[in-house]
Amino acid sequence: MTTPTQSLQGSTPSVSLPPRWQRIALSIATLLIFTTICWCNLPAAAHQACYQWCEKNLPAQLNYRMRQSEWYARYAAHIGGVDNRWQMYGGQSRFNWEFQIYGEYGEDNERVDRLLPLPRQSERSLLTRWIVDFKEAKFYLNIYNDEIGRECYARYLARQFPEHQGKPLKNIRFDMRIRYILPPYVAVSKQKLFEDDFSTFTRDRFAVSQDAQWALAATAQDSAPAALLLNTVSQRSQVVEDR
Amino acid sequence: MFDRLIQSWNTFWFSRLDARPLAMFRIAIGGLFSIWFLFILPNWQRFFAGDGIVSLVSADFPNNRVNGPLSLFHWTEGWLPIEIFWPIAFAFCLAFTFGFYTRISTLGLLLMINAMVHRNPYIVHGEELVIRMCLLYCLFMDLGSVWSIDAWRRKQHGKSERNTILAWPIRMMQINICLIYLISLPFKFYDDAGWVTGDAFHWTVASEMWGLGGMYWITLWGGGILRKCFTFYTVLIETLFPTLVWFKPCRRFVLAGIAALHIGIGLLVPNVSFFTFSMVCTFTAFLAREDVDLMLAVVGRVRRSLLSLYMVTKATNASL
């Protein structure tokens, strides 16, 4: 039986090797890279156990240096893009969920709620759903547990939909609609996959009137002289640079 | 014993290997990402502009997760419009696919993908992470040595052909791909008991986000026998692939098995197509010289058959 070194990529490979110093450097790099990848992919409990062992058994200065070196190694891995944690259908959800994102327009006594015309909650053609919206599911999954991410998106929506029926936008509301999936054996016996009822609750309500007003002002200035518009653009750039 | 170990290590990591499988990898993943860039064009501004979903223009709202300093877009914010980067990225992708100034286009494509990932991590999916990992190692090899515009230009200038590549970056890519399965499989068992009992496919089928689009019969039919078969097949092939792919008698079977799994997922499951097809593209890096020879022989045979069929049809039409 051929060995892995001989079998992969065909018959006996060519034996012209690089210089010795290059082989040693690449070998060390190989071991460092794989050690870093394995370290980054250990469970958090393993990392905590290591940190606690170091704190207990090493002198304070050495412990500090170890933690610092570990941080540098992780950052180098982050720069190189080798700190990915791979999950392919790992922990799967036991319920189906979807965001329903509403804009709340007008004051409290004359409030109008509008289901915003967004991907995954409005009528879209097949082509649009398969081509234009191909990132939406992952985006929603990534902001599912990230309140700041949801607020980021809410502020963007405020700039896109600042008014409705003459009323200014006040809040962006994230409602969650959930339907539980029946366990496998129950599903087989009942020959259906889902519970009959949906649950809906409000996950977040973000006050975004400032972003909406800014968007309305920018739209009004679009019809103003070009110099005024340039001022607005440079002010936006300055805001970003200041941040 | 130690000398034999060193010799095996040197042969595995530092010999020279056939360049054609990596050229196939370059063409496959470059072609896939060319389509990916076309798909992302309608949302380019929305995803990456300062007033897009990253909301950089909201002055009172700092979000440290977006617009990281590792992104090229961070440093050009305010003086280069974001729209200018799409044609640049697409041009790098096409150049990479066709092997035109391959190393430069590899670096350019890597910088663009990195810029996108660090600008807006909320939309990052597996395909960006896979290609970013592969492109890092591709910087250390001449992907344009064969089947490329660079190879054609070298030939035109009378320079010698480069048919082999140093093994090191190829091995790094191969092992990283195997590590994806070696790492994700234990986490599968730990995070979801369904992968142990054979019921994991039930939750996949039922998922409206990542599921099979209404093909509920897969889990409901026959007392769930199909769902157990699919679940255990997935576990089996993901367990066997990282080890058996290194042995010649098993290599083609495990490659075919895991490619079939990913192609099936890519065609049936919405929202993960690009990731699964990018994994299929990376499997070309495991092909051996004889696999490529066989594929070229089959392609040649099919081409000759089609040509002779065409000639016969043409002759028949002429006689009529």
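Taken together, the values in this text are just the output of simple stated rules run on the coordinates, not laboratory data. What you see is a predicted model; the values in this text were computed from it and never measured. When we count neighbours, we look across all protein chains shown, and the Cβ atoms used for this are built from the backbone with ideal geometry, even at glycine.
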Exercise: per-residue mean of other protein chain Cβ atoms within 10 Å, B:120-130:
5
For the stretch B:207-237 and the stretch B:156-205, compute the distance between their C-alpha centroids and round to whole Å.
22
Ordered by residue, what ³J(HN,Hα) values in Hz, to whole numbers, does the stretch A:135-151 give under the Karplus form 6.51 cos²θ - 1.76 cosθ + 1.60, where θ = phi - 60° and Gly and Pro are x?
9, 5, 4, 5, 4, 5, 5, 6, 8, 4, 9, 10, 5, 5, x, 5, 5
Using Cα-only point scatterers and the Debye equation, what is log10 of I(q)/I(0) for the stretch A:21-80 at each q in 0.18, 0.19 Å⁻¹, rounded to two decimals?
-0.74, -0.81
Interchain or sequence-distant (5+) residues whose placed amide H lies within less than 5 Å of the amide H of residue A:204 are A:174
Between residue A:79 and residue B:290, what is the spin-label point distance in nm, taking each point 7 Å from the Cα along the Cα→C-beta axis?
4.4
Could you name the lysines whose alpha carbon sits less than 24 Å from that of residue A:167, not counting residues in the same chain fewer than 8 places away?
none
Could you please tell me the mean projected area of the C-alpha convex hull for the stretch B:1-111, averaged over all directions and given in square nanometres to one decimal?
10.6
Radius of gyration and Dmax for the stretch B:14-191's Cα atoms, expressed in Å?
18.4, 62
Run the quick spin-label model on residue B:160 and residue B:104: label points 7 Å from Cα toward the beta carbon, then report their separation in nm to one decimal.
2.5
Which of the residue pairs A:190/B:228; A:56/B:188; A:138/B:188 have a Cα-Cα distance greater than 23 Å in the structure shown?
A:56/B:188
Bins of 10 Å, beginning at zero and ending with the bin holding the largest distance: percent of Cα pairs per bin for the stretch B:86-245, please.
9, 25, 26, 22, 14, 4, 0
Across the stretch B:213-293, what fraction of all alpha-carbon pairs, as a whole percent, falls in each successive 10 Å bin from zero upward?
16, 42, 30, 11, 1
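Take the Cα radius of gyration of the stretch A:50-128 and divide it by 2.2 N^0.38 Å, with N its residue count; two decimals is plenty.
Normalised Cα radius of gyration, the stretch A:50-128: 2.14.
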Taking the Cα atoms of the stretch A:95-231, report the difference between the largest and smallest coordinate on each principal axis, in whole Å and largest first.
69, 39, 27
Enumerate by residue number the chymotrypsin sites (Phe, Trp or Tyr not before Pro) in the stretch B:10-98 meeting two conditions: DSSP loop (anything except H, G, I, E, B), and at most 10 other Cβ atoms within 10 Å of the site's Cβ.
B:79
What FRET efficiency do you get for residue A:21 and residue B:297 if R0 is 30 Å and r is their Cβ-Cβ distance, rounded to the nearest 0.05?
0.10
Given the Cα-Cα distance of residue A:163 and residue A:141 and 0.36 nm per residue of separation, how much length would full extension add, in nm?
5.2 nm
I'd like the per residue volume of the convex hull spanned by the Cα atoms of chain B, given in cubic angstrom.
240
Can you pull the one-decimal nm distance between simple spin-label points at residue A:35 and residue A:58, each 7 Å off the Cα toward Cβ?
1.2
Just tell me how shielded B:195-204 is by partners: mean number of partner chain Cβ atoms within 10 Å of each residue's Cβ, no decimals.
4
Going 7 Å from the Cα of residue B:140 toward and past its Cβ, which residues in the stretch B:12-27 have a backbone nitrogen under 17 Å from where you end up?
B:12-18, B:22
Within the protein assembly as shown, helix-based [θ] at 222 nm, where runs of 4 or more DSSP H residues each add -39,500 (n - 2.57), nearest 500:
-19500 deg cm²/dmol
Are there any helices in chain B, counted as whole DSSP H runs, that stretch 27 Å or more along their axis by Cα and score at least 0.5 on average by Kyte-Doolittle, and if so which?
B:20-40, B:167-191, B:225-244, B:248-268
Cut-off under 5 Å, modelled amide H: who pairs with residue A:170 long-range
A:104, A:105, A:106
For the protein assembly as shown (alpha-carbon point model, no solvent) the Debye-based log₁₀ I(q)/I(0) at q = 0.05, 0.08, 0.13 Å⁻¹ works out to -0.27, -0.68, -1.48
Counting only residues 5 or more places away or on other chains, whose amide H sits under 5 Å from the amide H of residue A:161 once H atoms are built in the peptide plane?
none
Shielding by other protein chains, A:129-142, mean Cβ within 10 Å
6
